[in-house]
Amino acid sequence: MKRRSFLQQLGGGALATGAMLGIGCKKEAPAEQNAGSSSKDFKPVKWKMVTTWPKNFPGLGTGANFMAELITRMSGGRIEVKVYGAKELVPAFEVFDAVSRGTAELGHGASYYWKGKSEAAQFFSAVPFGLTAGEMNAWLYHGGGMALWQETYEPFGLWPLASGNTGVQMAGWFNKEINSLEDLKGLKMRIPGLGGEVLARAGGTPVSLPGGELFTSLQSGAIDATEWVGPYNDLAFGLYKAAKYYYYPGWHEPGTTLECMVNKKAYEALPEELQVIVTNAARVANQDMYAEYIARNNQALQTLVKEHHVDVRKLPDEVIAHLRELSEKVVAEVAEKDALSQRVYASFQAFRDQVVQWQNISERAYLNARAG
Ligand code: CA
């Protein structure tokens, strides 16, 4: 069943990738050449993929599996990728170092987990009041973002790839009402990256924890509140059992990019056609994960509301306005910390400013029109 569903997904992905790479022309190759390349006259490259997610976790973990399987199958088995969940080979937050030193060739996570390595890294996952999923991809692929990300990871011997997107997240799980910015004061909340910096400025205490530790931390009271992703993922962790209110929108993560980092030496050792396969497997996985979240979130939200009686609340407009004001300041200040962060921030801001003009008369105007 699992295999069938993978093959169905691969069918769509492989077609898209074929068109993208223009490999239609290779179909003209003589039959014996095809037969030759499909026989096992090669020694497979064996790669490990370590992840920050629990093994097979919906969307994130299965997205990592999907990408690994794409690489293996698209390469006709010339690269065999074995996936490890968090803690199986290394703990979640050691993924970056593990791939950097070559313990594993691939690492699946989110770049804001590595702000201790590089402040600039945070901009490639999510920026509060920043870019949506479609806009992130536009900046990364066609707005100079990818080149800056490569430059950011270069000193660590890593080659970054965008490999998933959650879309707009939820603001998180709280055990008290949030009626003003005051209510965030003294709040110990799991919230990573730049969103965490904003919470700190609002008087809260941001904590960075891997997903697998959220439920027990919230239930034991080690943290007062947490955000994770959205209904599809938050339902899977059972967060509704440990908090009363579920707030939206996810101002801090408007379209989070997940990453697959590649050990650069291992990547460069591949022949060019295998590099293209790795790169485009990520591209397929990137769009597929976003589609999955859009398809599944509302179903999970209905389960949370109807079966588990979760109290879903919108953050008051005044709170959102304050957070937006604070975010603009905090993000600009973080960018002041080093020259690379400044350049990444400048590129990100310029892209946001220009894309907003188009989005206002396209996506936004249409969503308003549809709402009636
Ligand atoms: Ca999140």
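Nothing in this text is a laboratory measurement; each read-out follows from the coordinates by a stated rule. None of the values given here were measured: they were computed from a predicted structure. All Cβ positions, even for glycine, are placed from backbone atoms using ideal geometry, and neighbour counts span all protein chains on display.
The distance separating the Cα centre of region 93-154 from that of region 308-369 comes to 18 Å. Build a GNM of the chain with springs between Cα atoms under 10 Å apart, and of Val284, Val356, Val262 the one that fluctuates most is Val356.
Of the residues Asp234, Asp311, Asp288, the one that moves most in a GNM of the chain with alpha-carbon contacts below 10 Å is Asp311.
For the chain, modelled as a GNM whose springs connect Cα atoms under 10 angstrom apart, the maximal fluctuation among Glu273, Glu88, Glu292 occurs at Glu273.
Loop-resident GluC sites (Glu not before Pro) (DSSP state other than H, G, I, E or B) in region 137-239 with no more than 14 further Cβ atoms inside 10 Å of their Cβ: Glu177. Here the chain is treated with +1 on each Lys and Arg Cβ and -1 on each Asp and Glu Cβ, and its dipole about the Cα centre works out to around 960 debye. Measuring gaps between exposed loop sites in the chain (trypsin sites (Lys or Arg not before Pro); DSSP loop; at most 16 other Cβ atoms within 10 Å), the longest gap, sites not included, is 245-336. Calculated [222 nm] ellipticity per residue, helices only, for the chain: -15500 deg cm²/dmol; basis is -39500 (n - 2.57) per DSSP H run with n ≥ 4, divided by all residues, nearest 500. Using every pair of distinct Cα positions in region 138-245, the Kirkwood expression returns a hydrodynamic radius of 15.6 angstrom. For the chain, how big is the tail of P(r) above 28 Å, as a whole percent of Cα pairs? For the chain, the fraction of Cα-Cα distances above 28 Å is 45 percent. Considering only Ala291, Ala242, Gly230, and ranking their Cα positions along the charge dipole of region 217-307 that arises from unit charges at the beta-carbon of Lys, Arg, Asp and Glu, the one farthest toward the positive end is Ala242. Bridging of Lys306 to lysines at a Cα separation below 23 Å is possible for Lys176, Lys241, Lys244, Lys314, once same-chain residues fewer than 8 apart are set aside. Bridging of Lys117 to lysines at a Cα separation below 23 Å is possible for Lys48, Lys87, Lys264, Lys265, Lys329, Lys337, once same-chain residues fewer than 8 apart are set aside. Basic side chains Lys and Arg get +1 at the Cβ, acidic Asp and Glu get -1 at the Cβ, and with that the dipole of region 59-130 about its Cα centre reaches some 60 debye.
The mean of 1/r over all distinct Cα pairs in region 51-137, once inverted, gives the Kirkwood hydrodynamic radius of 14.1 Å.
Listed by number, the DSSP H helices of the chain that run 15 Å or longer by alpha-carbon position along their axis and have mean Kyte hydropathy of at least -1.0 are 2-21, 60-74, 272-306, 317-335, 339-361.
Within the shell of other residues whose beta carbon sits under 9 angstrom from the beta carbon of Leu340, the net charge comes to -2, with Lys and Arg scored +1 and Asp and Glu -1.
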